[in-house]
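*Asks:* Sending over a structure as structure tokens; questions will come in a sec.
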Amino acid sequence: MQILAQDALASGLQRETIVVFRNLRKDYGALTVVPDFSLEIRRGELVCLLGPSGCGKTTTLRMLAGFISPTSGEILIEGQNVTRVPAYRRDVGIVFQNYALFPHMTVAKNVEYGLVNIGMKRQERASRVQDMLRRVELQHLAERYPRELSGGQQQRVALARALALQPKVLLLDEPFSNLDAQLRVRLRDDLHSLIRNLKMTTLFVTHDQDEALTLADRIVVMNKGAAEQVGSPEEIYDAPATRFVAEFVGQCSLLEGQILDGGEFRTDDGLKLPAFGQVGKATAVIRPENVKKAREMPGVPARRARIETSGYHGALTRLQLRLGGSKLIMDTQFPVGQKPKPGEQIDIAIDPVAVRFVPPVQ
Amino acid sequence: MNSSTAESERRKTCWLLLLAPALLTLIVFMLIPAGIVLRISFYPGSTTIGAEGYSLAQYVKFFWNPLHLSVLGETVAYALIVCLGCLVLGFPVGYSLARHPPAKRRVRMLMVIVPLTLSLVVVVFGWLVLLGRQGLINNVLVWLGILSSPQQLLFNRTAVVIVLIQQFLPFIILSVMNVVMQIDPFLEQASTSLRANRVRTFIKVVIPLSTPGILAGLSLIFVMAASAFVTPRLVGGPRAQMVGGFIYDQILTTSNWPFGAAMAFILLAVGFGLMAALNTAIIRPLTRGLHVQ
Amino acid sequence: MFSDIVDRMLAGVGKLVRVLVYLTLILPGVIVVATSFTSGNAMRFPPTGFSLRWYYAFWESSLFFDSLTLSLKLAALSTVLSLLFGFAAAFAIERHKFSGRELIRGFMLSPLLIPAVVLGLGLMQLQVWIGLSQTFVGLLIGHVVVTLPYVVRTLSASMVLLDQNLEQAAMSLRAKPATVLRTITIPLLVPGIISAGVFAFVTSFGNVSLSVFLGAGGNVTLPVQVLAYVEQTVDPLVAAVSSVVIVFTLLAILIADRISGPRTVI
């Protein structure tokens, strides 16, 4: 019972809006980087701005931090309009891509920096610094200089430094892009649990869909300065709203065709799939794992496809298939030694429930 | 919107305030003095005290006197020779410095920078000692049997040119070094691996890419060499006069400021004219050629 | 192959030229220092005997010693002023993307292109009019004009290299602009500031071409005093004075090199 009550309390708190972007616009002369961006972030939420480089996600983040002032629109933090409030009065913590640790200060001094600026007493400062360093497990490195630390350690210092001031929002700018692949996954998990424990409202920016899918409560997929889709990782992956989202997040096959009366989608070369939605031109989005071996989907009509390439991805084998005039990607498993070779035929079935339809290319 | 324009106005004022001290210093104490020199050069008489009106008397006086013209011609010739000497001697040094690993560059860099920053009079005094009758050069030449007795090596044109070249060598060395460091060494390696030998690589890759930067350094040297007066005064003697020394005499010895001003302006015009000519004749076509390739 | 021989010959000639150039660059200074220790009365090389008598003579000579004090004072003050002005200007140029920025940058470097005779004469006339003629302040102004380009150039270069994220990080940590400047920007620019300062100092300390116009009367700097003396006579006293100048310059450059590395000096 108690647990249930806590959950209810937690979800009640989550409804409170912490950050509001309202019709935000940023122009650099004639160039519009962000045309019109709106978003609300709730307390304790971990929101991710995901998009290719140059999509305006970093500009948006920096506008929230107060480093860039928007051409028009508003930014609210806890109900207060901060659009014209300078960065140093915003209560926003930020971890930069290169961490931006002050090279002339020790780890402890870095973490203490913000506390000095708000006029905290020396003793209180010392205990807060100790506390923050303990949380990121760096107490033993307090007197080191940033250049003597590894990339992962530097990141934790940057995080401790930002969190020491207990900001209303934490911003992370491509936090893992400077780390090598193995370390990246481990630090991602560490960071995730730390932010969760602190119930920190967090906005982070990345171009890496894996990061977005594993970390975020909500993902904002950005394209050309606008939000293409906002939703949970599941929604973004399973039900992409546009072709851009489908292609940018995860792998997929795209089939051009028509939705006909009577709930049927037909591609230009005659492949049929059950469909719902508006009649007319559409693009079908099929994730590789939803293309199955025919015998795994007994009720669905089987089709014979030709294998064009076959790639080994550890547990999974990725096949590029040709089905009539269409190309399909398929992720599946084969017993050892039974992997099919290019040129062979395979009977497949497309899971009809998992197919999504998005507006076609103009 | 309104508050944002007000804020940007405020920030603009702030930046202007930061620029103001340096900007005002240069406007009041460089630009205005240069204007004053121009104004003075149009005074009719031989003094600025109580002078007024405009006349071309000073310029007429300069161009109508073959002695003045020959000094001007000689000055330009000196400056060009100095530029050439600096280029020939300084290029290999700057080039090798650029291709040196930074750790090995250190001592060599100091040998370039210290003479550059050392007071000119001290350097020239060093040359007076070196080239004097009982100086190192004379003693070495006598010891080698090249000279039978110590000779007067000072107070001639060659001495002036040598000392000027040494003075400006650091400038060209640093220019070349900076330019060459920006040329990707891989470009040269690529060319060498295409079986072009070092000479060809040099002509085809290094020279076109480095010429604009080096000419900028050379034109600075030309201006400084043409207006030099300390060196010609001390090592040139009466036989090797340059315009700079002439102006110095007019200003500080004869106190004929209007004539000095006119000559200073002619000097300035020659310098800037040469720079403009260099720019249109060599730098522009060359950089244009680079884009075409 | 023929081209290989040409290649090798060129490499040899290049090496010869380099040795010659480095030798020419340092020889005048080395000779001056070497002859300053002579015990004889004449400038000759190799010097005769060893003594410190000419340094003692320098110490005794109020003519040279007063000039040295003046030159040091002048160099220190013009360094401070051009650092202050130059830092503000470089900061504005590098941090504010206003139109005409390149023009301003070019203007800040332009004193390098104005011949000293032009600047000298113009400043003399201006200072006659505003009553600063042959004063210490007049001399100081001239030196600030000459040292400013070096300061702006060096500081601009080191500001470009400073990671702006650091300043933004500080700001997001509740540091006001003035605090950011004091605790982040300036401490991180210290190597650049030292380089700029040293270069300004040695440029002012060694300047003769401008000081000779502005420093008449009571304000004769050491280089001008040396110039005046050498025009009359060449003796080992000047060698001792020059050696002191060399030592000051060398020390300053070595300090900058220690702290900031040689690349940043220019």
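Laboratory data are not the source of any read-out in this text; all were calculated from the coordinates shown. In this text the structure is predicted, and so the values were computed from the model without any measurement. Every residue, glycine as well, gets a Cβ built from its backbone with ideal geometry; the counts of neighbours run over all protein chains shown.
*Asks:* Among B:I32, B:L234, B:S119, which residue has its Cα furthest toward the positive end of the charge dipole of chain B, with +1 on Lys/Arg Cβ and -1 on Asp/Glu Cβ?
*Replies:* Selected residue: B:S119.
*Asks:* Same structure, new question: Cross-link partners among aspartates and glutamates for A:K339, C-alpha distance below 19 Å, same-chain residues fewer than 8 apart left out?
*Replies:* A:E289, A:E296, A:E308, A:D331, A:D347
*Asks:* Continuing with the same structure: Relative to the longest principal axis of the C-alpha atoms of chain A, give the angle of the C-alpha long axis of helix A:122-135, reported between 0 and 90° and rounded to the nearest 10°.
*Replies:* Helix A:122-135 and the main axis of chain A meet at about 20 degrees.
*Asks:* Summing +1 for each Lys or Arg and -1 for each Asp or Glu, what net charge is found among the other residues whose Cβ lies under 14 Å from the Cβ of B:V176? Don't skip to the answer; put the middle values down first.
*Replies:* Details: positive: B:R99, B:R105, B:R108, C:R18; negative: none.
Net local charge, B:V176 excluded: +4.
*Asks:* Sort C:S133, A:S150 so that the residue with the fewest other Cβ atoms within 10 Å of its own Cβ comes first and the one with the most comes last.
*Replies:* With the sparsest Cβ surroundings first, the list reads A:S150, C:S133.
*Asks:* Further, regarding this structure: Between B:L17 and C:F65, with labels modelled 7 Å along Cα→Cβ, what's the label distance in nm to one decimal, could you check?
*Replies:* 4.7
*Asks:* Shifting gears a bit: Helix A:151-163 versus the longest principal axis of chain A: what angle, 0 to 90°, nearest 10, using Cα atoms?
*Replies:* Tilt of helix A:151-163: around 60 degrees.
*Asks:* Within the set of other residues whose C-beta is less than 13 Å from the C-beta of A:A294, count the net charge using Lys and Arg as +1 and Asp and Glu as -1.
*Replies:* Taking every Cβ under 13 Å from that of A:A294, the sum is +2.
*Asks:* Right, another one. Determine the shielding of peptide C:14-23 by partner chains: average, over its residues, the number of Cβ atoms on other chains within 10 angstrom of each Cβ.
*Replies:* The shielding value for this peptide is 5.
*Asks:* Follow-up. Too long at a 25 Å Cα-Cα cut-off: which of C:K97/C:K176; A:K292/A:K341; A:K168/B:K12; A:K57/A:K327; A:K292/A:K327?
*Replies:* Over 25 Å Cα-Cα: A:K168/B:K12; A:K57/A:K327.
*Asks:* Which order do B:V122, C:V146 fall in if you start with the one that has the fewest other Cβ atoms within 10 Å?
*Replies:* Ascending number of Cβ neighbours within 10 Å: C:V146, B:V122.
*Asks:* If you line up the long axis of helix C:186-206 against the longest principal axis of chain C, both from Cα atoms, how many degrees apart are they, to the nearest 10?
*Replies:* Helix C:186-206 and the main axis of chain C meet at about 30 degrees.
*Asks:* Here is a further query. Given a Förster distance of 56 angstrom, what is the FRET efficiency for B:F155 paired with C:L162, based on the Cβ-Cβ distance and rounded to 0.05?
*Replies:* Rounded to the nearest 0.05, the efficiency is 0.65.
*Asks:* Under the definition of Cα pairs under 8 Å and six or more residues apart, what whole-number percent is the relative contact order of region C:1-92?
*Replies:* So the answer I get is 13 percent.
*Asks:* Can you tell me the dipole magnitude for the protein assembly as shown around its Cα centre, using point charges on the Cβ only (Lys, Arg +1; Asp, Glu -1), in Debye to the nearest 20?
*Replies:* Dipole magnitude for the protein assembly as shown comes out near 860 debye.
*Asks:* Would you tally the net charge around A:F96, using a Cβ to Cβ cut-off of less than 13 Å, leaving A:F96 out, and scoring K and R as +1, D and E as -1? Mind dumping the intermediate values first?
*Replies:* Numbers: positive: A:R62, A:R161; negative: A:D173, A:E174, C:D163, C:E167.
Result for the neighbourhood of A:F96: -2.
*Asks:* How many partner chain Cβ atoms sit within 10 Å of a residue's Cβ in peptide A:113-121, on average, as a whole number?
*Replies:* Shielding by partners across A:113-121 averages 4.
*Asks:* Pop a pseudo-label 7 angstrom from the Cα along the beta-carbon direction at both C:I259 and A:E296 and give the gap in nm to one decimal.
*Replies:* 6.8
*Asks:* Follow-up. First check a/c for chain A, with a ≥ b ≥ c the square roots of the eigenvalues of its C-alpha gyration tensor; if it is under 1.5, answer rounded, and if not, answer prolate when a/b is larger than b/c or oblate otherwise.
*Replies:* Prolate, since a/c reaches 1.5 and a/b exceeds b/c.
*Asks:* Using the Cα gyration tensor of region B:61-287, with a ≥ b ≥ c the square roots of its eigenvalues, what is the shape: rounded (a/c below 1.5), prolate (a/b larger than b/c) or oblate (neither)?
*Replies:* oblate
*Asks:* Where in chain A is the longest stretch that carries no GluC sites (Glu not before Pro) classed as loop by DSSP and with at most 16 other Cβ atoms within 10 Å?
*Replies:* A:144-343
*Asks:* Please get the size of the charge dipole for chain C, origin at its Cα centre, with Cβ charges of +1 on Lys and Arg and -1 on Asp and Glu, quoted in debye to the nearest 20.
*Replies:* 620
*Asks:* Please give the calculated 222 nm ellipticity per residue for the protein assembly as shown, where each DSSP H segment of at least 4 residues contributes -39500 (n - 2.57) and the sum is spread over every residue; nearest 500 deg cm²/dmol?
*Replies:* -18000 deg cm²/dmol
*Asks:* Among C:K176, C:K97, rank each residue by its count of other Cβ atoms within 10 Å, from fewest to most, as a rough exposure measure.
*Replies:* Lowest count first: C:K97, C:K176.
*Asks:* Counting alpha carbon pairs within less than 8 Å and at least 6 residues apart, what relative contact order, in whole percent, applies to region C:61-264? Write out the running numbers ahead of the final one.
*Replies:* Numbers: 204 pairs, mean separation 68.9, N = 204.
Relative CO of region C:61-264 lands at 34 percent.
*Asks:* Now a separate question. Normalised by the residues of chain B, what does the relative contact order come to in percent, with Cα pairs under 8 Å and at least six apart? Don't skip to the answer; put the middle values down first.
*Replies:* Numbers: 299 pairs, mean separation 75.2, N = 293.
For chain B, the relative contact order is 26 percent.
*Asks:* Mind jotting down the three principal axis lengths of the protein assembly as shown based on Cα atoms? Whole angstrom, largest first.
*Replies:* If we take the Cα atoms of the protein assembly as shown, the spans are 115, 75, 61 Å.
*Asks:* Nothing charged except the Cβ atoms of Lys and Arg (+1) and of Asp and Glu (-1): what's the magnitude of the dipole of region A:244-354 about its Cα centre? Round to the nearest 20 debye.
*Replies:* Dipole of region A:244-354, to the nearest 20 debye: 360 debye.
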